[in-house]
Structure formats: structure tokens, C-alpha cells
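Worksheet: one structure, shown below.
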Amino acid sequence: MALYNGQDTKDKILISERHLFYEKGYEQIIFKDIASHAEINQGSIYYHFKIKSNLGKTIYQEIAKENLQIAENSLTF
């Protein structure tokens, strides 16, 4: 039997949310869509993020970090 790994579930949520974010836009996404896309229980999203805005903030922070890294790499001579 595999051990439960909460980080794996959280990663699935973030990957699915990000995919749906680009496909539908933030306002159109609901937890039910994310759970279905990630193939997880909807309660797992509430456990990890509590409310939609926490999930949105996490995605925006990831995107900002990625963009900063791209900018830093572009400016390195």
C-alpha cells in the first residue's frame, strides 16, 4: 500500500488549477472542476487551500517567481 503524500496532492491541485486558469480564466474556475481535472477529492482542495483566493495567490506567486527567474537569466552576461 502506498503512503499518502500530501505534497503530491497539493502539486496535482496546483497543476490542474494552473491548466484551468489558462483555459477558462480564474473567475470561471470552481473547486469541483479542479478536483475533477486532478482526479482527487474536492475536500483535498479545501484542506490545502481553504478558499479559492488562497489557491489563486499561490498560482500568481509561482508565475511571478518564474518570470523573475526568466528575467534574471536574460540579464546574466
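Quick note: the coordinates plus some simple rules give every number you see, no bench work behind them. These figures come from a predicted structure and were not determined experimentally. All Cβ positions, even for glycine, are placed from backbone atoms using ideal geometry, and neighbour counts span all protein chains on display.
A few remarks follow.
- Of the GluC sites (Glu not before Pro) found in segment 7-52, those in coil by DSSP whose Cβ has at most 16 other Cβ atoms within 10 Å are E39.
- Put in line by how crowded their Cβ is, counting other Cβ atoms within 10 Å and starting with the fewest, D11, D33 read D11, D33.
- Rough spin-label spacing in nm, given labels placed 7 Å along Cα→Cβ, for I30 and N54: 2.1 nm
- Value of [θ]222 nm, deg cm²/dmol, for the chain, DSSP H segments ≥ 4, -39500 (n - 2.57) each, nearest 500: -25000 deg cm²/dmol
- Relative contact order (%) - criterion: Cα under 8 Å, at least six apart; region: segment 6-75: 29 percent
- FRET efficiency, Y47 to H19 (Cβ-Cβ, R0 25 Å, nearest 0.05): 0.75
- Sparsely packed loop sites in segment 1-59 (the trypsin sites (Lys or Arg not before Pro) outside DSSP H, G, I, E and B with at most 12 other Cβ atoms within 10 Å) comprise K50.
- In summary, the convex hull built on the alpha carbon positions of the chain has an orientation-averaged projected area of 6.5 nm².
- Toward the positive end of the charge dipole of the chain, with +1 on the Cβ of Lys and Arg and -1 on the Cβ of Asp and Glu, the farthest Cα among Q61, F21, F49 is that of F49.
- For E39 and Q7, the FRET efficiency from 1/(1 + (r/R0)^6), where r spans their Cβ atoms and R0 equals 22 Å, is about 0.85.
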